[in-house]
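The values are calculated or read from the model by the stated rules, or taken from the named source; none is laboratory data. Everything numeric here is computed off the predicted structure, so don't read it as measured data. Cβ placement follows ideal geometry from the backbone for every residue including glycine, while neighbour counts extend to all protein chains displayed. When the accessible area is computed, the model is the full protein with side chains, heavy atoms only, and any ligands, DNA or RNA have been set aside. Shrake-Rupley method; radii C 1.70, N 1.55, O 1.52, S 1.80 Å.
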Amino acid sequence: MQQGEPERVYSMVSDLIVNYRLDKIIGVGEDIARIGTHFPGKFEMYPKTEDLLDALDPEQFTNDLILITGARPFGFERVVNRLQQRIHGTTLEINLNALTHNFNFYKRLVKPETKMMVMVKAFAYGGGAVEIANHLQTMGADYLAVAFTDEGVTLRKHGISLPIMVLNPLEESIDLCHKYALEPVVFSPEFFKKVNQYCEVNERSLSIHLDLDTGMHRLGFEEKHLVELRELISKSKHLTIASVYTHLVGADEELHRDFSLEQIHSFQRMKSELEQILPQSTLFHALNSAGITAFPEYQFDMVRLGIGLYGVEVTGKYGSSLRSISTLKTTISQVKTINPGETVGYSRKGVLPQGGKIATLGIGYADGYDRRFSNGKGYVLIQGKKAPVVGNVCMDMCMVDVSDLDVKPGDEAIIYGEQISLKELASQIGTIPYELLTNISTRVKRVYYLD
Ligand SMILES: *Cc1c(COP(=O)(O)O)cnc(C)c1O
């Protein structure tokens, strides 16, 4: 806080409280009590963190989303620890400051007028769609995108008001798109006709996006559909084409650079055909995260930021510029001594020839800790040191080698985080960081930090 202008700061905070629709505010410190006067009944106030800890009953929270934020000297990690004690040991901590950092990093790579669409599909790559969308909304993202209509409905029900594109809407969900002001992607002449017919019959209008297939061969209009597409657009009275885009298949790999350029050129050809019949306001876009770093000259009107926001720079070009946004951690449930010849876990796969010490962790493949990490393929960090997985990962637990560590039940183990490269771990089991992130089960509690 700037000295001498507390009133202005507190009125800003009051506005944020309204925007975020908070049910309850717990304040620590003398100054903050002043906000409370604006929100009678919602406000609890403690002079010091110790007073809050004394009064804190973790049982009063169930299914609540709790944002804990404050200056370092307040030591709010003690509050986080207290709240986490009652939940199962595994948490995914999301650092919203790191998210802001990554968003701004990409924003600086594009022209000031280029719009930012952010992909929050698949539970925002595992990070939690509502909370992350909310944060993006306050940070000034222009657009959000989800894969399926229900993901968009959830965002709307939680007060997200940004425009939302739906990548793969089913025909049956067009009604929901209309009801919740979601903007479906239309990817074929047949689908265009169906959406148009829905609008005509119901006398409704709808904003839609067109996906052009320039080589991905997943969804999208191909060049051969252009004449028909132009005709469909010209005849439709109810549909507004909010944007037209294509998706690059290999922007992250130098190997595919020429193919990416071919895709972009094909997009440019189709764009010039469509522009003639579309309003000026139609947005064109082609670049995903890797595309933003590899082909900055082809930003068009908007870019579509995904994995980069979540802290993984897939091209390696700006690797160290991003911050890891999430830390997956769990705790040790038990420590055991293993004698030579004994085995650990299912199918007797875990062998420590000289014997040793193992720690059992409260995370398994049902939490998203991939079973392919079994038998030394994966490791976790305990006290900053690597502890390799011993034996097969179980459904809800796994065992790691702590022979050289002095550990006890309750100690923390980091599964993914700042000190562990997701790219490295993923390649160790033949997958990509996207899969590791999106596999983290929703039963894992998400805890959000914002300074
Ligand atoms: C998922 C997705 C993106 C984002 O890709 P990243 O590699 O995560 O940046 C962009 N566009 C489309 C069409 C997508 O499906």
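Placing pseudo-labels 7 Å out from each Cα toward the beta carbon at Y20 and E275 gives an inter-label distance of 4.3 nm.
In this structure, the residue pairs whose Cα-Cα separation is over 29 Å, taken from K408/K445; K24/K111; K329/K377; K111/K329; K179/K224; K121/K445, are K24/K111; K111/K329; K179/K224. Each residue of the range 138-153 was assigned a 3J(HN,Hα) from its phi angle through the Karplus curve 6.51 cos²θ - 1.76 cosθ + 1.60 (θ = phi - 60°); the sequence is 6, 8, x, 5, 8, 8, 10, 9, 10, 7, 10, 4, 4, 5, x, 4 Hz, with glycine and proline shown as x.
Restricting the GluC sites (Glu not before Pro) of the range 296-353 to loop positions (DSSP other than H, G, I, E, B) with no more than 15 neighbouring Cβ atoms within 10 Å leaves E342.
Taking the Cα centre of the chain as origin and assigning +1 to Lys and Arg Cβ atoms and -1 to Asp and Glu Cβ atoms, the resulting dipole is close to 520 debye.
Solvent exposure of T49, expressed as accessible area, is near 10 Å², computed with a probe of 1.4 Å over the protein chains only.
The residues R446, R21, sorted by heavy-atom accessible surface at 1.4 Å with ligands and nucleic acids left out, run R21, R446 from largest to smallest. The separation of the range 289-361 from the range 155-174, counted between C-alpha centres, amounts to 30 Å. Nearest 500 deg cm²/dmol is fine: what mean residue ellipticity at 222 nm does the chain get from its DSSP H runs of n ≥ 4 alone, each adding -39,500 (n - 2.57), divided by its residue count? That calculation yields -9000 deg cm²/dmol at 222 nm. Gain on full extension, evaluated as 0.36 nm per residue between K349 and L405 minus their Cα-Cα distance, stands at 17.9 nm.
Against the chain, whose longest principal axis is taken from its Cα atoms, helix 6-19 shows a tilt of about 70°.
At q = 0.07, 0.08 Å⁻¹ the log10 of I(q)/I(0) for the chain amounts to -0.44, -0.57, computed by Debye summation with a single uniform scatterer per C-alpha, solvent ignored. Based on C-alpha pairs under 8 angstrom that are at least 6 apart in sequence, the chain has a relative contact order of 16 percent. In loop segments of the range 240-337 as defined by DSSP, the chymotrypsin sites (Phe, Trp or Tyr not before Pro) with at most 15 further C-beta atoms inside 10 Å of their C-beta are Y318.
Working note: Karplus 6.51/-1.76/1.60 with θ = phi - 60° gives the range 291-297 the couplings x, 4, 7, 8, 10, x, 6 Hz, where Gly and Pro are set to x. Based on C-alpha pairs under 8 angstrom that are at least 6 apart in sequence, the range 95-321 has a relative contact order of 19 percent. Quick one: with all protein chains in place, what share of the accessible area of the range 356-451 is carbon or sulfur, to the nearest percent (1.4 Å probe)? That share works out to 51 percent. Protection proxy ranking, highest mean first, for peptides 396-403, 232-239, 376-383: 396-403, 376-383, 232-239, where packing is the per-residue count of other beta-carbon atoms within 10 Å, averaged. Each peptide in 269-282, 127-140 receives the mean, over its residues, of other Cβ atoms within 10 Å, and ordering these scores from highest gives 127-140, 269-282.
Note the angle between two axes, namely the Cα long axis of helix 96-109 and the longest principal axis of the Cα atoms of the chain, as a number of degrees from 0 to 90, rounded to the nearest 10. Orientation of helix 96-109: about 40 degrees from the principal axis. Loop-only GluC sites (Glu not before Pro) in the range 173-222, please: DSSP not H, G, I, E or B, and at most 11 other Cβ atoms within 10 Å. The qualifying sites are E203. Compared with the dominant principal axis of the Cα atoms in the chain, helix 226-235 is inclined by about 80°.
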